[in-house]
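S.K.: So that we are looking at the same thing, I have put the structure below in structure tokens.
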Amino acid sequence: MNPGSLNYFFLLIGTMIVFYLFNDNKLKQSVLLLASLFFLSFFGIIPVLTCVLLSILNFYFAQHAYKSAYNFPKLVAINTINIFALLAFRFVNEFEIGALFSAPFIGEQFVAALGIGFYSLQNIGYQIDIYKKRYTPEVSLLSFTLCNTFFTRISSGPILNIKAFNSSLSTLPSKLTEENFTVGLQRILIGAIKKLVIAERFSYYINLYFDGIDPGVKTGYDVVIACFLFTIQLYFDFSGYMDIAIGSARMFGINLNENFNMPLRSQSVSEWWRRWHITLINWFTQYIYYPVAYKFRSKRMMATVFAIISTFAISAIWHGFGVTYLIWGSLHIMYLIIENFLKKDLLKLNEKLTSFYYQLIFTPLTFILVSFSNLFFRSNSLADAKRLLLKLIDWRNFFPDISLKSWILNGVDWKMEFMVSMRLGFLFAILYLLFEEKLSSRLNKSKFSIPLISFLIIFLIVFGVFNSGTRFIYMNF
Amino acid sequence: MWKKFLFTILVCLLFLSAAEFATDYYMKRYPRLKSSYISQVKQNADILVLGACEAAMMVDPSLLDSSTGLKTYNLGDPGARFADNYLDLYQYLKFQKAPKYLLLQVSPESFYPIEDKLLTTYKHQAFLSDTVVFNVIKELDPEYVKFSSIPFLKYSYYNIFSMYKIFGSIGYSLLNKKHPEDRDGFIPPPLFNLDTSALSESNVITLNSYTWNNTEEKYFRKIISLCKNRGISIVFYKLPYYHNYYNANLELKKYEERIRHIATENNYPYFTYDTSRFTNDSKNYYKLENNLLNRNTIPEFNKMLIRDLKDSVFIQ
Amino acid sequence: MRTSEQILEELQGIFIKEFSDSSIVLNDQSTAKDIAMWDSLTHMGLMDTIERHFEISFSLDEMISFKNVGDLRTAITAKLK
């Protein structure tokens, strides 16, 4: 069952009905937990067991350790288990399917323990917080487990702060308010539109370039387009999922953290990482970057460099064991270090050029740098990445050797349908990106507007591509 | 709030019904969609050409017409497999008079197991509401059938394909065009000679080996029995295979034997063009991977086809 | 004993030197958003300079809890007592 599939919406509506039948807070939480376990059971019994057992273990361990002086060896012990579980299941995944993206997008065996990458981080962070005495351990096993399993976001985040999530659980609404319903519905609809109307239209193209034995990539130009499109696709796919997750949670009166803040408008790679996958980056900043930077702070610049390296090295391993992820991580380490050294000059340049021209240069540049790193992020293997890179540097054959007309259409005979569809998706993507700021603030408004919601529903059904690859890309992690 | 919500749903349903009605209307009248075109315009053909894109792009009815005196219609459909061919023929016979001859492209490649069992051309046929078509699609693409039976999502599943055709159809009706550019169903390949986007020669030769596809054979035999019922005599022909490709692949020869066996079993002629002079040079092809000749060599291929037809079919 | 104003003034000097930006003017409400150079990458270096200057030391949790210059100044005042 994928978020965005019809089954998911049936589950959501069913859960909502039962949820609002009860008045008792504990019962409401139990309904959400049952729905979440039901959701997980679609992916097999292993995800359910892993998630529940790890939650119980972490819950009681923290409680027990807190009472009897939580010392460092205990922290190491519990987090070794958490990390081991995370790596073990990641390894099982890699082992079974070879490479992340080469597997068919639909299939249960694909995710050995759905969402383990996300809730393990939550648990690790929780243990560190308790150890550091940032707050007291949770008292309710029910809400703790729910925080790990909550079905709207288990497969791809956002990563929750257990404390903040539980405080919102204590004030679950007794009635579905107009505000929650409207914002929730709008967010779900825009999420589905991002995924089904925009991201899906790119998948034929991108799969052809990155997975194909079919020689999709003929020239460097194709590689460039494929990388750019993948970055756009990943954004629409992933943030679309987030919109559905946040919108669905809103239906139960729960506010999840935003995970994206218009990343494609970033003017530097460090800004990108403040706008992209925010909850994950916050986690890494809080539990890896700052402790490392703090420890070595007397080394000044070197401390920053070292902290960046450790953060992205761990991030790369978290994403997968492949060499391609390490290269992806290394590229971002390099970008950030260079940026850190040039920061003063860039600021001066910004003053000199005025922010309009600065933006005009550095927004596309950031996009290009990130897209280049995504070549490795998306490639199935090192050999594939090498194949694409070789095409990219072959400057003599950079542009395709065909007539201008077919170059513009970029396709012949029956493939035209895909090409037209891809261009249509691209048009929608550009329109969305141009009006992103206005649109997202409008969609967070709580007034129910008949024209707006009708428009979203009609647009989704008329332009949605419902047939292929309905999995969200980030469900793999 | 709930009143507003219900009103919204009502607005959406009204709009979507209108959109679905318009889609049905335009789909039925799109001249470039052969299955729609044959339901609208009488063809009166004596020879019907059936096959995939190779048939659509390589058999030129105007050449056949002028040298045989018989009227030809090309029902080749890009991406079609035997199941699609069967549906095409079924649709044709539903609206048109039965032709005398059926020129059927049967190459070993026609039995490729293409990853899954999906139909390749009937992705837009939700509007046909024909039980025969429905059952074939149900067998080969159950997900599509399941999804498109949800109200208002008739065209959503293969949106990419239907959207393209609706745009095309609206364009045609704005220009008031009732026929496609090529009236006899012939779709000449693009102008350039060897398509640079196609597989390289060595890639074609190392292409996978395959196993006989029983689903394809089933529909192949259905075509044969449909023709027998309607008194249509069938002529099989094989594409002019690029010789390196053909010689390197032992499987192809086994396939050909089986096809020949089916041909003799039914007493149908089977034309092959492996030794023709253009199979020796890759420059004669537009696309090597599916043995598709280019614009320069197609007339010559048609001449050979006509000669064979005259020699062994029309003489009887 | 330094007064609050003195601490703020000294902080301003540190910020100007650390970020080589003479245009920086601090008040209690200043946040990282107001000072272009001040972000997570330069934060730890800045904190280290402040620690050395006032001869105090912060814990990690303290360092990342400062919301604005006012928080920072209050923490320094408390440590100096």
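The values are calculated or read from the model by the stated rules, or taken from the named source; none is laboratory data. As the structure is a computational prediction, the values presented were derived from the model and not from experiment. Don't worry about glycine lacking a Cβ; one is built from the backbone with ideal geometry, like all the others, and counts go over all protein chains shown.
S.K.: So which of A:Thr304, A:Thr363, A:Thr354, A:Thr324 is among the β-branched types (Val, Ile, Thr) and within 12 Å of another protein chain (Cβ to nearest Cβ)?
M.R.: Values: A:Thr363 fails: within 12 Å of another protein chain (Cβ to nearest Cβ); A:Thr354 fails: within 12 Å of another protein chain (Cβ to nearest Cβ); A:Thr324 fails: within 12 Å of another protein chain (Cβ to nearest Cβ).
It is A:Thr304.
S.K.: Quick check on this structure: which one of B:Asn208, B:Asn203, B:Asn213 is modelled with pLDDT under 90 and farther than 30 Å from A:Asp222 by Cα?
M.R.: Numbers: B:Asn208 fails: farther than 30 Å from A:Asp222 by Cα; B:Asn203 fails: farther than 30 Å from A:Asp222 by Cα.
The unique qualifying residue is B:Asn213.
S.K.: So C:Ile7 ticks every box in (1) more than 14 Å from every other protein chain (Cβ to nearest Cβ); (2) out of contact with any Lys or Arg (no Cβ under 7 Å at 6 or more places or on another chain); (3) of a type outside the set (S, T, N, Q) but one. Which box is left unticked?
M.R.: The failed condition is (2).
S.K.: Moving on. Filter the stretch B:284-307 for residues that are within 19 Å of the chain's Cα centre (by Cα) and assigned to a strand (DSSP E or B) and give the result.
M.R.: Scanning the stretch B:284-307 gives B:Tyr286, B:Lys287, B:Leu292, B:Leu293.
S.K.: Residues of the stretch A:43-88 being surrounded by 13 or more Cβ atoms within 10 Å (Cβ to Cβ) and either in contact with an Asp or Glu (Cβ under 8 Å, 6 or more places away or on another chain) or among the polar types (S, T, N, Q) (or both), which ones?
M.R.: Scanning the stretch A:43-88 gives A:Phe43, A:Gly44, A:Thr50, A:Ser55, A:Asn58, A:Phe59, A:Ala62, A:Gln63, A:Asn79, A:Asn82.
S.K.: Can you give me the number of residues within the stretch A:104-133 that are modelled with pLDDT under 70 and surrounded by fewer than 19 Cβ atoms within 10 Å (Cβ to Cβ)? Give the derivation first.
M.R.: Restricting attention to the stretch A:104-133, the residues satisfying the condition of being modelled with pLDDT under 70 are A:104-112.
The next check asks that each one be surrounded by fewer than 19 Cβ atoms within 10 Å (Cβ to Cβ); those that pass are A:104-110.
So the answer is 7.
S.K.: Take the stretch B:133-153 and flag every residue that is among the aromatic types (Phe, Trp, Tyr), within 23 Å of the chain's Cα centre (by Cα) and within 10 Å of chain A (Cβ to nearest Cβ). Write out each step before concluding.
M.R.: In the first step, residues of the stretch B:133-153 are kept if they are among the aromatic types (Phe, Trp, Tyr); the result is B:134, B:144, B:147, B:152.
Add one more test, that the residue is within 23 Å of the chain's Cα centre (by Cα), and what stays is B:134, B:144.
Within the stretch B:133-153, just B:Tyr144 meets the criteria.
S.K.: Still on this structure, please answer the following. Residue by residue through the stretch B:154-175, note down the ones that are within 7 Å of chain A (Cβ to nearest Cβ) and part of a loop (DSSP other than H, G, I, E, B).
M.R.: Those that are within 7 Å of chain A (Cβ to nearest Cβ) and part of a loop (DSSP other than H, G, I, E, B): B:Ser156, B:Tyr157, B:Tyr158.
S.K.: Please count how many residues of the stretch A:131-146 are within 14 Å of another protein chain (Cβ to nearest Cβ) and under 12 Å from A:Ile56 (Cα atoms). Working first, answer last.
M.R.: Within the stretch A:131-146, the subset within 14 Å of another protein chain (Cβ to nearest Cβ) is A:131-135.
Imposing the further condition that a residue be under 12 Å from A:Ile56 (Cα atoms) reduces the set to none.
Residues meeting the conditions: 0.
S.K.: Given the conditions (1) surrounded by 13 or more Cβ atoms within 10 Å (Cβ to Cβ); (2) of a type in the set (D, E, K, R); (3) more than 19 Å from A:Thr304 (Cβ to Cβ); (4) free of Cβ contacts under 8 Å to residues at least 24 places away in the same chain, which single one is not true for C:Arg73?
M.R.: Just one mismatch for C:Arg73, condition (4).
S.K.: Can you tell which of A:Lys299, A:Lys352 is assigned by TED's automatic domain parsing to the domain that holds A:Phe377 and surrounded by fewer than 15 Cβ atoms within 10 Å (Cβ to Cβ)?
M.R.: Working: A:Lys299 fails: surrounded by fewer than 15 Cβ atoms within 10 Å (Cβ to Cβ).
Answer to the check: A:Lys352.
S.K.: Just checking, does the stretch A:203-211 include any residue being surrounded by fewer than 23 Cβ atoms within 10 Å (Cβ to Cβ), assigned to a loop (DSSP other than H, G, I, E, B) and within 12 Å of another protein chain (Cβ to nearest Cβ)?
M.R.: no
S.K.: Sort out which residues of the stretch C:33-67 are touching a helix residue (DSSP H, G or I) at 6+ places or on another chain (Cβ under 8 Å), away from chain A (no Cβ under 11 Å) and outside any helix (DSSP H, G or I), and write them in order of number.
M.R.: Scanning the stretch C:33-67 gives C:Ile56, C:Phe66.
S.K.: Among the residues of the stretch C:11-25 satisfying the criterion of being surrounded by fewer than 19 Cβ atoms within 10 Å (Cβ to Cβ) and in a loop (DSSP other than H, G, I, E, B), which is farthest from the other protein chains (Cβ to nearest Cβ)?
M.R.: Per the stated criteria, the residue is C:Val25.
S.K.: Still on this structure, please answer the following. May I ask you to say which residue of A:Thr177, A:Thr80 is under 30 Å from A:Asn444 (Cβ atoms) and modelled with pLDDT of 90 or more? Even if it seems obvious, please write down each step before you answer.
M.R.: On the way: A:Thr80 fails: under 30 Å from A:Asn444 (Cβ atoms).
On inspection, the qualifying residue turns out to be A:Thr177.
S.K.: Same structure again: Looking at C:Asp28, C:Asp71 in this structure, which one is among the acidic types (Asp, Glu), more than 14 Å from chain A (Cβ to nearest Cβ) and closer than 27 Å to A:Ile128 by Cα?
M.R.: On the way: C:Asp28 fails: closer than 27 Å to A:Ile128 by Cα.
Only one candidate passes the filter, namely C:Asp71.
S.K.: Within the stretch A:393-477, considering only helices (runs of 4 or more DSSP H) that don't extend past its boundaries, which have at least 2 residues that are modelled with pLDDT of 75 or more? Don't jump to the end; show me each part of the working.
M.R.: On the way: elements: A:404-409, A:416-434, A:436-443, A:450-463.
By residue number, A:416-434, A:436-443, A:450-463.
S.K.: Checking A:Leu256 against (1) outside any helix (DSSP H, G or I); (2) surrounded by fewer than 23 Cβ atoms within 10 Å (Cβ to Cβ); (3) not polar (S, T, N, Q), which single condition isn't satisfied?
M.R.: Condition not satisfied by A:Leu256: (2).
S.K.: State the number of residues belonging to the stretch B:90-112 that are surrounded by fewer than 18 Cβ atoms within 10 Å (Cβ to Cβ) and at pLDDT 90 or above. It would help to see each step written out before you state the result.
M.R.: Just the residues of the stretch B:90-112 that are surrounded by fewer than 18 Cβ atoms within 10 Å (Cβ to Cβ), to begin with: B:90, B:94-95, B:97-98, B:100, B:112.
Filter again for at pLDDT 90 or above, leaving B:90, B:94-95, B:97-98, B:100.
Summing the residues that are surrounded by fewer than 18 Cβ atoms within 10 Å (Cβ to Cβ) and at pLDDT 90 or above in the stretch B:90-112 gives 6.
S.K.: Under 7 Å between Cβ atoms, at least 6 apart or on separate chains: pull out the pairs that start in the stretch B:141-156 with a residue that is under 17 Å from B:Ser17 (Cα atoms) and end on any residue that is of a type in the set (S, T, N, Q).
M.R.: Note: pairs meeting the criteria are B:Lys154/B:Ser148; B:Tyr155/B:Thr23; B:Tyr155/B:Ser162.
S.K.: Another question about this same structure. With (1) touching a residue at least 60 places away in the same chain (Cβ under 8 Å); (2) surrounded by fewer than 23 Cβ atoms within 10 Å (Cβ to Cβ); (3) in a helix (DSSP H, G or I) as the list, and B:Met57 as the residue in question, which single condition is left unmet?
M.R.: (2)
S.K.: Counting just the residues of the stretch B:210-231 that are outside any helix (DSSP H, G or I) and not β-branched (Val, Ile, Thr), which one comes out surrounded by the fewest Cβ atoms within 10 Å (Cβ to Cβ)? Steps first, please.
M.R.: So in the stretch B:210-231, the residues outside any helix (DSSP H, G or I) come out as B:210-213, B:230-231.
Narrowing the set further to residues that are not β-branched (Val, Ile, Thr) leaves B:210, B:212-213, B:230-231.
Values: B:Tyr210: 16, B:Trp212: 13, B:Asn213: 18, B:Arg230: 13, B:Gly231: 8.
Among those that are outside any helix (DSSP H, G or I) and not β-branched (Val, Ile, Thr), it is B:Gly231.
S.K.: Continuing with this model, one more query. Would you check if A:Phe252 is over 30 Å from A:Asn25 (Cβ atoms) and away from every other protein chain (no Cβ under 14 Å)? Steps first, answer last, please.
M.R.: Working: over 30 Å from A:Asn25 (Cβ atoms): no; away from every other protein chain (no Cβ under 14 Å): yes.
So A:Phe252 fails the test.
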